[in-house]
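Values quoted throughout were computed directly from the atomic coordinates according to the rules given, and no laboratory measurement underlies them. A quick note: this is a predicted structure, and the numbers were derived from the prediction, not measured. In this analysis, Cβ positions are derived from the backbone assuming ideal geometry, glycine residues included, and neighbour counts consider all displayed protein chains.
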Amino acid sequence: MHLKEIKKIYHKELDSLYPKEEVDSFFYLTIEHYLGLERFVLVLEPNLTITKEEEGQLFSALSELRLQRPIQYVLGSTQFCDLDFIVNQNVLIPRPETEELVYWILDELRHVEKEISILDVGTGSGCIAISLSKYLSQAKVQGLDISKKALEVAKQNAIKNEVEVSFLEFDALSLEQFEGQYDVIVSNPPYVRELEKKAMKKNVLDYEPDGALFVPDEDPLLFYKSIVRFAHHHLKPGGMLFFEINQYLGEATKKLMQEEGFLELDLREDMYGNHRMLKGVWA
Ligand code: GLN
């Protein structure tokens with residue numbers, strides 16, 4: 001079959017579910033993943049044909065995309081901070097907003113020459129911990145998660161990206177037993193309120209792990225409370241705490257850190273102009 005025919009079928013099947021550009025992007029990501037073909041291949045070879053087996057792979061991906069399964073889970077991988085990560089339904093798909101948080105931390109630490117100890121609470125796929133370890137040669141990084149299955153993914157990702165990060169099973173809501181002193185603590189904990197569910201898309205709601213996303217309406221900052229308290233006891237003097245946060249709860253989360261005694265609070269917006277990141281210093 002001609003590859004361009006398959007592209008047409010992708011549009012026919014998916015255009016009612018996703019914007020056209022997104023369908024194009026699904027098609028190109030899929031041919032790159034399965035066939036190793038670049039996106040401009042159809043310009044260079046408009047009549048390129050593919051084998052029956054290759055056709056089968058592209059149609060099977062299409063049938064999953066039709067169910068609105070996220071492309072990252074269909075392909076089993078995604079990119080974050082220019083690195084490749086394995087993902088499956090046990091971990092949240094790394095978001096571009098979270099890349100912004102990582103770039104902020106990298107900016108703050110790039111010029112530090114001594115060894116830096118970093119803890120990532122609720123590490124999921126390990127994308128934050130692994131990117132920090134990869135780009136900061138002086139960093140010693142640990143990641144915690146409550147989910148064994150997420151930790152398996154994170155460990156595979158550390159191997160894939162050739163970094164040494166230690167991953168441990170811990171619940172972010174009961175960190176009392178945890179020991180260690182850190183220069184930096186970072187977390188992107190669950191922060192989406194149940195009441196925000198109706199604004200979310202089917203591909204997130206049906207496929208991504210609830211435990212990594214949702215918090216009760218009546219106590220949306222529960223993870224932040226636990227981690228802020230923990231950071232109070234486990235950050236070295238001058239250490240920094242970084243959070244990804246719920247855009248509607250920026251001021252409330254900032255207040256929580258202030259009340260615990262954190263200084264130099266810095267609340268930042270993401271590329272969409274939403275309050276998304278928060279930093280405080282432990283003095
Ligand atoms: N940013 C994610 C979303 O909107 C939520 C991430 C989180 O809860 N930590 O789907």
Requested in this report: Return the Cα extents of the chain along principal axes one, two and three, sorted largest first, each rounded to a whole Å.
Outcome: 65, 42, 33
Report summary line: What the Cα atoms of the range 77-136 span along the principal axes, largest first and in whole Å, is 37, 18, 16
Report summary line: Percent relative contact order for the range 6-111, counting Cα pairs under 8 Å at least six residues apart, stands at 17 percent
Query raised in the report: Nearest 10 degrees, 0 to 90: what angle lies between the long axis of helix 96-109 and the longest principal axis of the chain (Cα atoms)?
Result: 40 degrees
Report summary line: Scalar couplings 3J(HN,Hα) for the range 197-211 by Karplus 6.51 cos²θ - 1.76 cosθ + 1.60 (θ = phi - 60°), nearest whole Hz, x for Gly and Pro, are 4, 5, 8, 9, 7, 4, 5, 7, 4, 7, 10, 7, x, 3, x
Query - Restraint check, LYS201/LYS279; LYS4/LYS198; LYS52/LYS202; LYS140/LYS160, Cα-Cα greater than 25 Å - result: LYS201/LYS279; LYS4/LYS198; LYS52/LYS202
Query raised in the report: Using the Cβ atoms and a cut-off under 9 Å, what net charge is assigned to the surroundings of ASN161, where Lys and Arg are +1 and Asp and Glu are -1?
Result: 0
Report task. Please work out whether the range 29-86 counts as rounded, prolate or oblate from its C-alpha gyration tensor, where a ≥ b ≥ c are the square roots of the eigenvalues and a/c under 1.5 means rounded, while otherwise a/b larger than b/c means prolate and anything else oblate? Result -> oblate
Report task. Would you tally the net charge around ILE146, using a Cβ to Cβ cut-off of less than 14 Å, leaving ILE146 out, and scoring K and R as +1, D and E as -1? Result -> -4
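As a check on your grasp of the helix formula, calculate [θ] at 222 nm for the chain: sum -39500 (n - 2.57) over DSSP H runs of n ≥ 4, divide by the residue count, round to the nearest 500.
Value at 222 nm, helices only, nearest 500: -12500 deg cm²/dmol.
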